[in-house]
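A short reminder: the numbers here are calculations on the coordinates, not readings from a lab. Predicted model only: the values in this text are computed from it and were never measured. Here Cβ is always computed from backbone atoms with ideal geometry, including for glycine, and neighbour counts include all displayed protein chains.
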Amino acid sequence: MKKIIITGGAGFIGSHVVRRFVKNYPDYTIINLDKLTYAGNLANLKDIEHSPNYRFVKGDIVDLEFINNLFEQEQPDAVIHLAAESHVDRSITNPLEFVMTNVVGTVNLLNAAKNIWKGQYDKKRFYHVSTDEVYGTLGDTDMFTEQTAYDPHSPYSASKASSDHFVRAYYDTYGLGTVISNCSNNYGSYHFPEKLIPLAINNIKQGKAVPVYGKGENVRDWLWVEDHARAIDVIFHKAAAGSTYNIGGHNEWKNIDLIKLLCSILDKKLGREAGESAKLITYVTDRAGHDLRYAIDAAKLKNELGWEPSITFEEGLEKTVDWYLTNEQWLNDVTSGHYQDYYNEQYTNR
Ligand SMILES: Cc1cn([C@H]2C[C@H](O)[C@@H](COP(=O)(O)OP(=O)(O)O[C@H]3O[C@H](CO)[C@@H](O)[C@H](O)[C@H]3O)O2)c(=O)[nH]c1=O
């Protein structure tokens with residue numbers, strides 16, 4: 001019997017992790033702790049919201065007193081920490097918000113866990129979900145391994161790198177049972193349409209310009225979000241304390257090629273003439289400090305814990321496009337802010 005606090009469970013990746021744990025582990029109690037920012041919304045979890053092993057708590061990980069009280073009261077056995085500000089472009093305009101949530105919020109959680117788990121750190125688990133962006137950028141052929149030195153470039157990746165360092169410091173200094181995973185770009189259902197894939201699908205569908213930063217030559221390694229959730233499940237249950245795993249799709253795409261592929265898929269699905277959607281591609285000013293290429297070597301995860309991606313990119317992208325086309329109301333509600341207002345009225349901070 002385990003009680004797990006999952007932070008950021010109303011977000012994109014978080015909601016997939018919450019769903020997986022609620023469904024696969026009926027003996028666990030899953031507490032979803034989320035602030036419900038613009039990117040987190042409980043409609044992502046409608047299908048499991050009445051499950052007997054699931055509870056939602058609205059709250060901000062930056063609020064020290066609230067977090068300490070919550071941990072004292074709930075006495076969780078484990079934390080899976082996904083709450084984060086995650087959009088690189090927003091971090092460029094508002095770095096401090098990223099420092100607060102991603103760094104201060106993480107340290108608050110580590111401290112709260114350290115306080116209630118005294119004397120039993122080896123039996124408890126603090127799982128920190130992080131990003132491959134901490135490693136910086138790659139040339140044409142190399143890949144990120146768990147040994148790659150940290151070299152973050154954006155305020156977002158700098159804040160995630162900092163939080164990773166704090167998590168390791170709590171293992172090295174106090175022996176807290178920490179684990180970290182660094183994952184590549186995710187795609188799939190419930191992805192807020194500020195990120196490349198859902199934004200492109202939404203804009204193509206609506207006949208709006210699809211912005212391509214710079215020349216579109218930047219490369220990202222895409223992973224289906226449900227495969228990421230499965231990797232988190234495996235690592236949570238099997239990894240040794242103090243360990244780190246990289247997670248990736250072995251699936252590199254230049255942004256421009258990916259956008260062209262989405263245009264052609266949507267041409268077919270929307271009954272448009274071949275090439276019509278591609279006319280929406282619009283080159284815009286590049287992102288400042290834009291990392292050229294990310295690619296993950298996930299051999300350690302495969303060899304030690306037996307995880308591999310379960311579906312091809314073609315299958316995953318097809319499923320994803322279909323999901324956005326059939327969940328138009330969700331798209332409208334997240335982009336208009338309707339869900340944010342609705343759910344924030346239902347819940348108040350405890
Ligand atoms: C939103 C947008 C993005 N881009 C480019 C920038 C990037 O090279 C690529 C993907 O952009 P984004 O979807 O913002 O994702 P990226 O910056 O790679 O970061 C994502 O992937 C990271 C993992 O690598 C996560 O840690 C981040 O939280 C997540 O946001 O597409 C465009 O060309 N046009 C766009 O409109």
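Of these, PHE98, PHE71, which one is crowded, with 17+ Cβ neighbours inside 10 Å and in contact with a Ser or Thr (Cβ under 6 Å, 6 or more places away or on another chain)? Step through it out loud before you land on a result.
Values: PHE71 fails: in contact with a Ser or Thr (Cβ under 6 Å, 6 or more places away or on another chain).
Exactly one residue qualifies, and that residue is PHE98.
Just checking, how many residues over segment 164-202 are farther than 21 Å from ASP132 by Cα, within 12 Å of the ligand (Cβ to nearest atom) and polar (S, T, N, Q)?
Qualifying residue count, segment 164-202: 1.
Name the residues in segment 193-205 that are buried (at least 20 other Cβ atoms within 10 Å of the Cβ) and farther than 16 Å from LEU325 by Cβ, would you?
Within segment 193-205, LEU196 is the sole residue that qualifies.
Quick one: what pairs do we get from segment 317-333, first residue within 18 Å of LYS268 (Cα to Cα), second polar (S, T, N, Q) and surrounded by 14 or more Cβ atoms within 10 Å (Cβ to Cβ), C-beta under 6 Å, 6+ apart or different chains?
TRP323/SER189
Scanning segment 206-256 for residues that are away from the ligand (no atom under 15 Å from the Cβ) and basic (Lys, Arg), which turns out surrounded by the most Cβ atoms within 10 Å (Cβ to Cβ)?
Checking each candidate, the answer is ARG230.
I'd like to check something: does segment 51-64 contain any residue that is surrounded by fewer than 18 Cβ atoms within 10 Å (Cβ to Cβ) and among the basic types (Lys, Arg)?
For segment 51-64, residues surrounded by fewer than 18 Cβ atoms within 10 Å (Cβ to Cβ) and among the basic types (Lys, Arg): present.
Test GLU252 against the stated conditions and say whether it is out of contact with any Phe, Trp or Tyr (no Cβ under 7 Å at 6 or more places or on another chain), within 22 Å of VAL334 (Cβ to Cβ) and in contact (Cβ under 8 Å) with a residue 40 or more places away in the chain.
No, not satisfied.
Looking for something closer than 20 Å to ASP286 by Cα, under 16 Å from the mean Cα position of the chain (by Cα) and of a type in the set (S, T, N, Q) - is there at least one such residue anywhere in segment 193-210?
No; the residues of segment 193-210 include none that is closer than 20 Å to ASP286 by Cα, under 16 Å from the mean Cα position of the chain (by Cα) and of a type in the set (S, T, N, Q).
Small (Gly, Ala, Ser) and surrounded by 14 or more Cβ atoms within 10 Å (Cβ to Cβ): does that describe SER277?
The answer is yes for SER277.
Considering ILE48, ILE30, which residue is free of Cβ contacts under 8 Å to residues at least 40 places away in the same chain, more than 19 Å from the chain's Cα centre (by Cα) and surrounded by 16 or more Cβ atoms within 10 Å (Cβ to Cβ)?
ILE48
Please give the number of the condition GLU308 fails out of (1) in contact (Cβ under 8 Å) with a residue 24 or more places away in the chain; (2) within 30 Å of ASN182 (Cα to Cα); (3) surrounded by 11 or more Cβ atoms within 10 Å (Cβ to Cβ).
(1)
Yes or no: HIS81 without any contact (Cβ under 8 Å) to a residue 12 or more places away in the chain and either more than 16 Å from the ligand (Cβ to nearest atom) or under 22 Å from HIS228 (Cβ atoms) (or both)? Full working, then the answer.
Numbers: without any contact (Cβ under 8 Å) to a residue 12 or more places away in the chain: no; either more than 16 Å from the ligand (Cβ to nearest atom) or under 22 Å from HIS228 (Cβ atoms) (or both): yes.
Taking the combined requirement at face value, the residue does not satisfy it.
Give SER189, SER154, SER159, SER184 a once-over and let me know the one that is farther than 28 Å from ASN327 by Cβ and within 15 Å of the chain's Cα centre (by Cα).
Checking each option against the conditions leaves just SER159.
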